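Worksheet for the structure shown next.
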Amino acid sequence: MTAAGDAARALLDVEGVDKSFPGVRALHGMRLDLRHGEVLALVGENGAGKSTLMKLLSGIHTADSGTFRLNGAPYHPTSPRHALELGISIIHQEFNLVPDLTVAQNIYIGREPRRARLLLDDRRLRADAAELLDRLHLPLDPRAVVGELTVAHQQMVEIAKALSYRPRVLIMDEPTAALNDAEVATLHELIRRFVRPDTGVIYISHRMAEIKRIADRVTVIRDGEYVATREVAGAETPEIIALMVGRAIRSGARPEGVREGREVVLDVQGLSTKALLTDVSFDLRRGEILGFAGLMGAGRTEVARALVGADPSRAGRITLRGKEVRIGNPADAARLGIGYLSEDRKRFGLLLEQDVKANVALSALRDRFTRAGFVRDGALRAQAERVAGTLRIKTPSVHQTAKHLSGGNQQKVVIAKWLVKDCDILIFDEPTRGIDVGAKEEIYQLLNQLAAQGKSIIMISSELPEILRLSHRVVVMSEGRVTRVLEAGEATQENIMHYATLRPDENPADAAELGLPAGEEKAGRP
Amino acid sequence: MTVLKSEADRRRPWWEGVTLAALRSRLQQLLAFASLIVIYTFFAFASPYFFTYDNFISILYSTVVIGTLAVGTTFVIISAGIDLSIGTGMALCAVMSGVFIVNAGLPPALGVPLTVLFGGFMGLVNGINVAVLRVPPFIATLAMMLVAEGLALVVSDSTPIYFNDVSGYTGISTGHLVPGLDIPNAVLVLLAVSALSGLLLTKTVLGRYTYSIGSNEEATALSGVNVRRWKIAIYAFAGLFIGLAGVLISARLGSAQPATGMGYELQAIAAVVIGGTSLSGGKGSIVGTLIGALIISVLNNGLQIMSIPQEWQNVILGCVILVAVYADRVRRGEP
């Protein structure tokens, strides 16, 4: 895949770049070279300087010093628009799409084809978009409204938009954070098609397995500085992770298995919603981590939301510690000691503009931190400081605004909120999404500790290694139904993928006999 | 718990509580206050009649109605809502005060609380429309604005109700509770409810949830807060101020004027916004709102003293709102 002849002259060359913000040195002597025709993975913990580097490359910020060369020529973008014109397209982790517009309108936003200068030419817009999507082999309808698409398809729109500028360099920031394995495979296929001898891709990711599959080389950065670049073929994952975090990470042992004999804390029977869920039943034991695996859209988040009353359910019986309960809204759930930690922390978990202590105290405010309606600020602050210490939340103080914390620390703040509420049942939805490797490890240890303390945990995750490593049992879902509950002993990556791709109307037993290869069924999505 | 706190305090270096956010919010209020001083000083030099004790009192007095409405609305706006019904609602409450006290002959000691509660009831209806029926706040309170405007005319038969025969009613606004200080009671009422509101906003559950809902309503709901109930509470609470403003304005005028409410809501919202409260919710303070209301009063008063026509006063006020909100954005370092 690498074009050896061009290796001497890099496609994109970054040398000695410094960038400081008031009070923070974001980058120091940063360098990077992208060769012609290669996929270069860029890895580093959150806060390592990846986003700053991206912002310099996309013309949002200007470097204090250092040189950028694109194909040998000096590269100094003055705006994102300019960067696109010069040949660098960036797909940010958080999409820049207008949900109410169609796929075609989103792709050509800001440069819509016109007639007589003023009139929009919708027909040409659709035709151009259809042609582009066809050329990229993307199964999207140009007329579909973006807000109604799945995350995976929204990302395809972003990719189509980026590639419509015919860039030399495509930069993707955490492109697979919200994708399941089949979707990742489709994405990688796209990337391989894009890479030609005169183009290159910078691929930012936390997932080592993916990097091994798609990248030629990997560049590691840490604390705003360049650390090393390795050929992917010769690099071992632990080595890369060690370079990234500056220390070796001890990978934890698998859980010892089912907690048989432990009391059932929560029993859910026949949970159904109007939209998706059909007859979902499972139980949760004391001190157990119950993994929920499945493809995107299988209904795992919906189970959590219906369970805590965030969405209405059509049918279902919930028994909590032997007593049947009705949960009409999240306030009921919280009162019963069930806390839900959403996959979308910023939207559903945090008060971004408020400080750490306000976030930590939100759930338990009335039970624990008030006297006659007045907030006991001293007690609240002391508790926030204590829990921040226990969870090792990295923050200058509990007065820090939540939006200034890193993803891992934001997640810990949300966890702290429910610990302070003293919930017995915690539902984690994608607990480590967008969190760097070091912080991930801490979250894992935390989950294990909580389970050991007798808390019962439901963990929804799209990362199978995470599911396998932590879960005592795994509930596998597909298209709104539970297709199988696997004991720790029988849960394997292949096994889970098999049940996750099962169509619920198939007889699970029959399908199991066939031994369908994992992930195949969903590979070619419509 | 107390032991832990003191330990934490001992470990804490002196500068740790002084966060950037705290500094900035302090600075922000200081700057609104500074602009108030600048405007005040400007008029003091521009006109010899401006900088007198009597005029100072008169400015405070003219702040009362807008200030009272603005303080209540601050809660609604911090929760990322809006209340357009406060102006005509105030006129309706003034009329209701007349109905209770003049027409029905209730003593003011009963009629005044009833009027305040009536305002709270209007707020409650707003809250139910917003939180339960999920009508967008702008629409729900726009509807209430029209309903109140019409009802005020219907109930009063489109004629003012005079409180001439009710002894002590006008004293609620015009009297002087503190002898020798020459400050009208209405000003004292505004100061008292502002202090109370400030306390409620910063020290109680109601205030905490007001900020939380304004910051992120969905996250607050998922945290187990009964957002629906608290939103109703916020609107109902703000409604009490509509009732109070109705009492204060009718006591000041000695009559309930059914057609005078329209326009007050925008002035009150302007005061809140000038005071640094964000219309998108989650940020704001009572002190800021009071400063905002004072800025409007000082401008109106000063421009009037300088004999600038009413029409131009509005032009200038409009520009001040723009400058204030823009300056606020710049201060926050927002793009």
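Read the figures in this text as sums done on the coordinates, not as results from a lab. The model shown is predicted, which means the values in this text are computed figures rather than measured ones. Here Cβ is always computed from backbone atoms with ideal geometry, including for glycine, and neighbour counts include all displayed protein chains.
Taking R0 as 41 Å, what's the FRET efficiency between residue A:346 and residue B:191 from their Cβ-Cβ distance, rounded to 0.05? All intermediate terms of the calculation are to be shown ahead of the outcome.
Values: r = 40 Å, r/R0 = 0.97.
My answer for the efficiency is 0.55.
Among the GluC sites (Glu not before Pro) found in the stretch A:108-186, not one is both in a DSSP coil and sparsely packed, with 10 or fewer other Cβ atoms within 10 Å of its Cβ.
Helix A:181-194 and the longest principal axis of the Cα set of chain A meet at an angle near 0°. To the nearest ten degrees, helix A:437-452 and the longest principal axis of the Cα atoms of chain A are 10 degrees apart. Averaged over the residues of A:361-369, the number of partner chain Cβ atoms lying within 10 Å of the residue Cβ comes to 4.
Within the straight-line cut-off of under 18 Å between alpha carbons, the aspartates and glutamates reachable from residue B:283 are A:353, A:355, B:83, B:217, B:218, B:328, B:334, sequence neighbours fewer than 8 places apart in one chain being disregarded.
Over chain A, DSSP H runs of length four or greater, each weighted -39,500 (n - 2.57), average out per residue to a 222 nm ellipticity of -9000 deg cm²/dmol. Length gained on full extension, residue A:453 to residue A:148: 105.6 nm, using 0.36 nm per residue less the C-alpha separation.
Hand me the trypsin sites (Lys or Arg not before Pro) from the stretch A:314-356 located in a DSSP loop with no more than 13 other Cβ atoms within 10 Å, in residue order please. Let's see the in-between values first.
On the way: sites: A:314, A:317, A:321, A:323, A:326, A:335, A:345, A:346, A:347; in loops: A:314, A:321, A:326.
Passing sites in the stretch A:314-356 are A:314, A:326.
Amide H contacts for residue A:309 (H built 1.01 Å from N in the peptide plane; partners 5 or more residues away or on another chain; cut-off under 5 Å): none found.
Our coupling estimate for the stretch A:366-374, obtained by passing each phi through the Karplus curve with A = 6.51, B = -1.76, C = 1.60 and θ = phi - 60°, is 6, 6, 10, 10, 10, 9, 6, x, 8 Hz, Gly and Pro reported as x.
With a/c under 1.5 counting as rounded, go ahead and sort the stretch A:438-489 into rounded, prolate or oblate using the C-alpha gyration tensor (a ≥ b ≥ c being the square roots of the eigenvalues; past the cut-off, prolate if a/b is larger than b/c, else oblate). Write down the numbers at each step before the final one.
Details: a/c = 2.23, a/b = 1.63, b/c = 1.37.
Prolate, since a/c reaches 1.5 and a/b exceeds b/c.
Of the DSSP H helices in chain B, those that are both long (alpha-carbon extent of 24 Å or more along the helix axis) and hydrophobic (Kyte-Doolittle mean at least -0.5) are B:20-46, B:53-78, B:108-131, B:137-156, B:185-203, B:227-253, B:286-305, B:310-332.
For the stretch A:346-422, the equivalent ellipsoid built from the Cα gyration tensor has semi-axes of 19, 12, 11 Å, listed from largest to smallest.
Taking square-rooted eigenvalues a ≥ b ≥ c of the alpha carbon gyration tensor, is the stretch B:39-331 rounded, prolate or oblate, where a/c under 1.5 means rounded and, failing that, a/b exceeding b/c means prolate? Since a/c reaches 1.5 but b/c is at least a/b, the shape of the stretch B:39-331 is classed as oblate.
For the pair residue B:41 and residue A:78, label points projected 7 Å from Cα toward Cβ lie 4.0 nm apart.
Calculated mean residue ellipticity at 222 nm for chain B: -24000 deg cm²/dmol, from DSSP H runs with n ≥ 4 weighted as -39500 (n - 2.57), summed, divided by the residue count and rounded to 500.
Amide hydrogen proximity for residue B:204: with H placed 1.01 Å from N in the peptide plane, the residues at 5 or more positions away or on another chain lying under 5 Å are A:375. Relative to the longest principal axis of the Cα atoms of chain A, the long axis of helix A:151-163 makes an angle of roughly 10 degrees.
How would the protein assembly as shown be classified by its alpha-carbon gyration tensor: rounded, prolate or oblate, with rounded meaning a/c under 1.5 and the a/b versus b/c comparison settling the rest? Show your work: numbers first, answer last.
On the way: a/c = 2.03, a/b = 1.61, b/c = 1.26.
Note, shape of the protein assembly as shown comes out prolate.
Of the trypsin sites (Lys or Arg not before Pro) found in the stretch A:97-178, those that fall in a DSSP loop while having at most 16 other beta-carbon atoms within 10 Å are A:111, A:117, A:143. Annotation: amide H of residue A:41 within the under-5 Å range of A:203, A:216, A:217, A:218, A:219, sequence separation 5 or more or interchain, hydrogens built in the peptide plane.
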